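Comments concern the structure below.
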Amino acid sequence: MDTQSLQAFLAVADSGSFSRAAEQLHLTQPAVSKRIATLEDQIGARLFDRIGRRVTLTEAGRVLLPRARQILVMVDDSRRALTNLEGQVAGSLTLATSHHIGLHRLPPLLKAYTQSHPEVRMDLRFLDSELAYQGVLDGELELAVVTLAPHPDPQLDVVPVWQDRMCFVCAHDHPLARHGRLTLHELCTFDAVLPGPLTFTRTLIESRFAAAGLTLPVALATNYLETLKMMAAIGLGWSLLPERMVAGELHELDVEHPPIHRSLGYLVHRSRTLSNAARAMLSLLEEARDTASRGG
């Protein structure tokens with residue numbers, strides 16, 4: 001099996017389309033079809049069923065899928081290990097981050113990195129933290145800087161860099177803004193606007209309210225914190241947002257509850273050989289770790 005045929009197989013399997021796979025690989029659709037046909041000849045089995053416009057994996061395709069990912073990760077791993085021997089910080093670095101971290105935490109680090117290592121070609125991807133986790137687990141991403149999961153996968157090295165204090169906030173003209181000290185129960189008599197239900201941040205918030213025997217009254221949800229800030233600022237509900245987003249447009253509520261912090265940091269796969277480019281980025285992230293994340 002050649003790696004190009006395996007790459008084509010994964011692209012079709014992930015996208016569910018020969019045409020979309022061709023776009024991703026910058027190939028023509030016939031070229032992708034030819035690579036899949038070559039792979040099918042090599043293993044002696046059909047990999048995809050084509051019914052109308054739908055493309056689905058056959059049983060043989062489902063068996064090959066995880067092995068194809070492993071083979072390509074091993075090939076990339078070997079290539080990086082050999083390149084690292086030269087000691088140069090060059091090549092490409094695939095880095096994923098969330099929109100919030102990319103806007104509020106990473107810019108100084110990215111500036112310092114690109115100035116120190118101009119030979120590195122940065123592939124920066126903005127993803128939800130949950131998708132970035134999966135990308136690192138699957139070997140598609142070398143490094144992610146995201147909101148950390150409450151219970152990370154043991155295959156990952158997960159390192160906190162910053163602690164985000166989450167603040168209870170509302171619009172300056174919201175009825176809650178006229179209250180003094182509030183309980184969680186009093187908060188729950190008003191609508192909330194919060195991150196989506198499958199996000200790590202929402203899971204953290206829900207756990208605090210569940211511990212108090214309360215259900216969150218969520219009126220609207222989105223994964224984008226900048227959008228949540230706008231919705232809270234125009235009075236659509238109270239919210240919980242990182243401290244550095246609060247000043248000016250929002251009123252911080254005084255709530256009878258211990259401070260809520262979420263951890264932001266980086267993750268890499270334990271079994272992956274990191275490129276020199278990734279190691280250089282990790283050095284900058286280690287230098288940026290705040291006192292709370294270091295356990296100080």
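See the values below:
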| quantity | calculated |
| --- | --- |
| Pairs where the first residue, in region 230-243, is without any contact (Cβ under 8 Å) to a residue 40 or more places away in the chain and of a type in the set (S, T, N, Q) and the second is assigned to a helix (DSSP H, G or I) and open to solvent by 10 Å² or more (accessible area, probe 1.4 Å), C-beta under 9 Å, 6+ apart | none |
| Selected residue (only one of 283, 275, 239 is open to solvent by 40 Å² or more (accessible area, probe 1.4 Å) and of a type in the set (S, T, N, Q)) | 283 |
| Those residues of region 21-54 which are among the aliphatic types (A, V, I, L, M) and either closer than 15 Å to residue 6 by Cβ or modelled with pLDDT of 90 or more (or both), in sequence order | 21, 22, 25, 27, 31, 32, 36, 37, 39, 43, 45, 47 |
| Among (1) among the charged types (D, E, K, R); (2) surrounded by fewer than 19 Cβ atoms within 10 Å (Cβ to Cβ); (3) under 22 Å from residue 68 (Cα atoms), the one test that residue 165 misses | (3) |
| Verdict on residue 149 being of a type in the set (Gly, Ala, Ser), open to solvent by less than 70 Å² (accessible area, probe 1.4 Å), in contact with an Asp or Glu (Cβ under 9 Å, 6 or more places away or on another chain) and on the phi < 0 side of the Ramachandran plot | yes |
| Criterion violated by residue 239 - all others in (1) part of a loop (DSSP other than H, G, I, E, B); (2) touching a helix residue (DSSP H, G or I) at 6+ places or on another chain (Cβ under 6 Å); (3) of a type in the set (S, T, N, Q) satisfied | (1) |
| Condition met for residue 143 (open to solvent by less than 30 Å² (accessible area, probe 1.4 Å), out of contact with any Asp or Glu (no Cβ under 6 Å at 6 or more places or on another chain) and farther than 21 Å from residue 225 by Cα) | yes |
| Positions within region 174-202 being of a type in the set (Asp, Glu) and either modelled with pLDDT under 95 or in a helix (DSSP H, G or I) (or both), in sequence order | 186 |
| Among residues of region 121-151, those that are basic (Lys, Arg) and either within 22 Å of residue 68 (Cβ to Cβ) or in contact (Cβ under 8 Å) with a residue 40 or more places away in the chain (or both), counted | 1 |
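The values are calculated or read from the model by the stated rules, or taken from the named source; none is laboratory data. What you see is a predicted model, and the numbers here were worked out from it, not measured in a lab. Don't worry about glycine lacking a Cβ; one is built from the backbone with ideal geometry, like all the others, and counts go over all protein chains shown. The accessibility values were calculated without ligands, DNA or RNA, using every heavy atom of the protein model including side chains. Shrake-Rupley method; radii C 1.70, N 1.55, O 1.52, S 1.80 Å.
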